[in-house]
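Engineer: After the C-alpha cells below, expect a handful of questions from me.
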Amino acid sequence: EVARGLPVAVTLAARDRAVGQALVEALGAPHFRPYLSDDVIGAEIGGAVKNVIAIACGIAHGRGFGDNGRAALITRGLAEMTRLCLAKGGKAETMMGLSGLGDLVLTCTSEQSRNYSLGAALGRGETLKAVLKKRRSVAEGVFSAAAVAALAKRHGVEMPIVAAVDAVLNRDTPIDRAIEARLARPFRAEAGAAR
C-alpha cells in the first residue's frame, strides 16, 4: 500500500527528538504520515508482540471462530502487550497508538499479514513445517513467540495468548488443547491493562 501511494500512518520512535524530527521531515509525505514518539521500548514491544497475537487470530479464523473471537483476541492481546510494555518501562499510551493498537488491528485482520495467514493455515490443520516450507516470506511471530513468552516470564507478566501460541509453535501442543486451556481460565473482572 505504501508503494501504491495509499494513505499510511506509522510511528517513528527515536530517543533523540531532533533526530526523530529530521527523519519525520525526510520521510513524511502527504500519503505517508510518520508520527514521532520518544517511546522506543513501546514501539519495539508493539512491533514484536502484535505478530504473535496475529498468529492467534489467524488460528481462530482457520478454526472458524468468527469475528467476536477475533475481537476478543485483539482486545486481550492489547492488554497483554500493554502489561509487557509497562513492565519494560514503556508507556501505556504508545499501546493505544499506531505502533500498538493500530498495527495490532492491521496485522490481526489483514489477509496480507504473513503472521495472520500463517495462523489461519495452522487453524485449518496444516503443520507449521508445511506452511513454512511453501513460503518465501518470514512470519516474524514464529520466531518471536518464544522470546516474548520468555521475556514475559522473566518479568512476571501474564500473557496467556502469547503462551498458547508459543506452546503450539514450539512445544508441540495441539491447537485444540491450547484453545481449551485458554477458554477454561477462571473468569475475572476486566481491568484494562492491569489484568
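Engineer: Points 7 angstrom from Cα along the Cβ direction at L6 and R33: gap in nanometres?
Structural biologist: About 1.6 nm separates the two model spin labels.
Engineer: Same structure again: What FRET efficiency, computed as 1/(1 + (r/R0)^6) with R0 = 45 Å and r the Cβ-Cβ distance, is obtained for S110 and A18, rounded to the nearest 0.05? Could the numbers behind the result be given before it?
Structural biologist: Values: r = 34 Å, r/R0 = 0.76.
That gives a FRET efficiency of 0.85.
Engineer: Do any cysteines of the chain lack a neighbour Cys whose Cβ is under 4.7 Å away, and which are they?
Structural biologist: C85
Engineer: Using a 1.4 Å probe on the protein chains only, how many percent of the accessible area of the chain belongs to carbon and sulfur?
Structural biologist: Carbon-and-sulfur percentage of accessible area, whole number: 56.
Engineer: Rank by packing, highest mean first: peptides 14-24, 121-131, with packing defined as the count of other Cβ atoms within 10 Å averaged across residues. Let's see the in-between values first.
Structural biologist: Working: 14-24: 12.7, 121-131: 15.3.
Put in order of decreasing packing, that is 121-131, 14-24.
Engineer: Suppose we keep just the alpha-carbon trace of the stretch 1-78; what are its Rg and Dmax in angstrom?
Structural biologist: Spelled out, the Cα radius of gyration and Dmax of the stretch 1-78 are 16.2, 48 Å.
Engineer: Here's a follow-up. Mind putting a number on the dipole of the chain about its Cα centre? Charges go on the C-beta only, +1 for Lys and Arg and -1 for Asp and Glu, and I need it in Debye to the nearest 20.
Structural biologist: Working: 26 positive and 19 negative charges, 109 e Å.
Charge dipole of the chain: 520 debye, to the nearest 20.
Engineer: Take a quick pass over the chain and tell me how many lysine pairs come in under 18 angstrom between Cα atoms, counting only ones 8 or more apart or on separate chains. Don't skip to the end; give the middle numbers.
Structural biologist: Details: K50/K88; K50/K91; K50/K153; K88/K153.
Close lysine pairs under the 18 Å cut-off: 4.
Engineer: Hey, can you find the accessible area per residue of the chain for me, probe 1.4 Å, expressed in square angstrom?
Structural biologist: Details: 10740 Å² over 195 residues.
Here the residues of the chain average 55 Å² of exposed surface.
Engineer: Over the Cα atoms of the chain, compute the convex hull volume and normalise it per residue, giving Å³. Don't jump to the answer; show the numbers that get you there.
Structural biologist: Values: hull volume 24.3 nm³, N = 195.
Considering the Cα atoms of the chain, their hull volume per residue is 124 Å³.
Engineer: Also, I was wondering about something else. What order do H31, H61 take when sorted by accessible area (1.4 Å probe), most exposed first? Show your work: numbers first, answer last.
Structural biologist: Details: H31 70, H61 90 Å².
These residues rank, largest area first, as H61, H31.
Engineer: Oh, and also: I'd like the GluC sites (Glu not before Pro) in the stretch 1-88 restricted to DSSP loop residues with at most 14 other Cβ atoms within 10 Å, sorted by number.
Structural biologist: Values: sites: E1, E25, E44, E80; in loops: E1.
When the GluC sites (Glu not before Pro) of the stretch 1-88 are filtered for loop state and at most 14 Cβ neighbours within 10 Å, E1 remain.
Engineer: Would you please calculate the Kirkwood hydrodynamic radius of the stretch 114-167 over all C-alpha pairs and express it in Å, rounded to one decimal?
Structural biologist: On the way: mean 1/r = 0.0838 Å⁻¹.
Result for the stretch 114-167 stands at 11.9 Å.
Engineer: Given labels modelled 7 Å from the Cα in the Cβ direction, how far is it in nm from R171 to K88?
Structural biologist: Between R171 and K88, the simple spin-label model gives 2.1 nm.
The values are calculated or read from the model by the stated rules, or taken from the named source; none is laboratory data. The model shown is predicted, which means the values in this text are computed figures rather than measured ones. We place every Cβ from the backbone using ideal geometry, glycine too, and count neighbours over all the protein chains shown. Just the protein is used for accessible areas: all its heavy atoms, side chains included, with ligands, DNA and RNA removed. Shrake-Rupley method; radii C 1.70, N 1.55, O 1.52, S 1.80 Å.
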